[in-house]
Amino acid sequence: MWGSPSKAAMKEMMREMDYITLVQDGQRGIPKECPCGGRIYHEISKIEGDLGNRYFTCKAYKNDGFHWRVPWFYSVEEEFDKLMEQIDEQNQKLSGLETQLKKMSEELRNQRGVIAKLKDLVEQAVKNIFDGW
Ligand SMILES: [Zn+2]
């Protein structure tokens, strides 16, 4: 008779599957650290048939699906795309800030005019009061 796996074993399997999904899908751009926490280094393949190809590879890499070994070219290309997206986002933010700054400068100019008028009124009122004495 086939027993169903225990709840703990199922949990462990789910955790491993989540981890493998993270390892497979969690990578975009140049990796800084493997999901295992391992340091990434720039590997140049010495394997026959793959000689000279570059990878970003976990220091603890084993071909078990738990570590990153990402082709250098794809990572750099993704990093470039990511940076271009960030530049676009920054440009949009900057454009919004410039518009906001123009509005605030205009508002400040108007407020200065109002303050100058109020100052004149107060000076005139003070003069009127003391001239009456
Ligand atoms: Zn690793």
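Within segment 1-98, report the chymotrypsin sites (Phe, Trp or Tyr not before Pro) that DSSP leaves as loop and that have at most 14 other Cβ atoms within 10 Å. Loop-located and lightly packed - Trp2. Compared with the dominant principal axis of the Cα atoms in the chain, helix 7-25 is inclined by about 70°. Along segment 62-74 the Karplus relation, 6.51 cos²θ - 1.76 cosθ + 1.60 evaluated at θ = phi - 60°, assigns HN-Hα couplings of 9, 7, 10, x, 9, 9, 8, 9, 9, x, 4, 4, 5 Hz to successive residues, with x for each Gly and Pro. Taking Gln86, Gln111, Gln27 in turn, the Gaussian network model of the chain (Cα-Cα springs below 10 Å) assigns the largest fluctuation to Gln111. Length gained on full extension, Lys127 to Leu101, computed as 0.36 nm times the residue gap minus the Cα-Cα distance: 5.5 nm.
Of all segments of the chain bounded by trypsin sites (Lys or Arg not before Pro) found in a DSSP loop with no more than 16 other C-beta atoms within 10 Å, the longest spans 63-133.
Calculated FRET efficiency, Arg69 to Glu48, Cβ-Cβ distance, R0 = 22 Å: about 0.80 to the nearest 0.05. Counting only DSSP H runs of at least 4 residues, each contributing -39500 (n - 2.57), and dividing by the residue count of the chain, the helix-based mean residue ellipticity at 222 nm comes to -22000 deg cm²/dmol. Taking a 30 Å limit on the Cα-Cα distance, which of the listed pairs Lys93/Lys117; Lys7/Lys32; Lys59/Lys82; Lys11/Lys62 fall beyond it? Among Lys93/Lys117; Lys7/Lys32; Lys59/Lys82; Lys11/Lys62, the Cα-Cα distance tops 30 Å for Lys93/Lys117; Lys7/Lys32. Using the alpha carbons alone, the radius of gyration of segment 41-133 stands to its Kirkwood radius in an Rg to Rh ratio of 1.66. If you take the beta carbon distance between Asp18 and Met84 as r and set R0 to 35 Å, what does 1/(1 + (r/R0)^6) give as a FRET efficiency, to the nearest 0.05? Calculated value: 0.70. Expected output is a single nm value to one decimal: the length gained when fully extending between Cys36 and Ala8, i.e. 0.36 nm times separation in residues minus the C-alpha distance. What is it? Length difference between fully extended and current span is 7.9 nm.
State whether segment 7-95 is rounded, prolate or oblate according to the following rule on the C-alpha gyration tensor (a ≥ b ≥ c being the square roots of its eigenvalues): a/c under 1.5 gives rounded; otherwise a/b larger than b/c gives prolate, and the remaining case gives oblate. Taking the square roots of the gyration eigenvalues as a ≥ b ≥ c, segment 7-95 is oblate.
Values quoted throughout were computed directly from the atomic coordinates according to the rules given, and no laboratory measurement underlies them. These numbers were taken from a predicted model, which means no experiment stands behind them. Every residue, glycine as well, gets a Cβ built from its backbone with ideal geometry; the counts of neighbours run over all protein chains shown.
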